């Protein structure tokens, strides 16, 4: 619960720095009408939330030679769909308190990842056995999944204490290839 409150407060607070304003009570339509980011090289997953359609992208952070950056394996940035789809780096506040990741190298092909805003949630960046590319893996229910999307629905509340209606995590089951979704109220 603390994570979602802190995470949501920071998300809403960042709207003030993004130049996009939207009253909390006038949220966007359900999450299936949000734009889907496509054509982004090395994208792992993304986060969307109802205050606006801007999207946070999590992509592999590669060196010039194509190898994975061992110190910071994931690059996090915005797609400003509300501003003609421009890309923008996270601010230091966003990177350190809201959307950034803490990564711990386990071995050459495996990293533990945690959101800076919620250190309890652990997921992994590791090389796939099938196609040898890196993917973000998480458990959804009891199924090991490739993480695709996180969505936070906010409706009402106040600037500092928005009302989170639900959080939805979407992934692809590694055994069946089918989409798996879990939705919960924080």
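Within region 44-56, residues that are on the phi > 0 side of the Ramachandran plot and buried (at least 22 other Cβ atoms within 10 Å of the Cβ) reach no partner that is part of a strand (DSSP E or B) and modelled with pLDDT under 95 with beta carbons closer than 7 Å at six or more positions or on different chains. With a requirement of 3 or more residues that are out of contact with any helix residue (DSSP H, G or I) (no Cβ under 6 Å at 6 or more places or on another chain) and farther than 20 Å from residue 169 by Cα, the strands (runs of 3 or more DSSP E) lying completely within region 25-131 that satisfy it span 86-89, 101-107. Residues in region 169-180 that are modelled with pLDDT of 95 or more and in a strand (DSSP E or B) were compared, and the one that is surrounded by the most Cβ atoms within 10 Å (Cβ to Cβ) is 171. Looking across 77, 134, one residue alone is in contact (Cβ under 8 Å) with a residue 40 or more places away in the chain, within 16 Å of residue 45 (Cα to Cα) and in contact with a strand residue (DSSP E or B) (Cβ under 9 Å, 6 or more places away or on another chain). It is 134.
The values are calculated or read from the model by the stated rules, or taken from the named source; none is laboratory data. All of these numbers come straight from a predicted model, not from anything done at the bench. Here the Cβ is made from the backbone with ideal geometry for all residues, glycine too, and neighbour counts use every protein chain on show.
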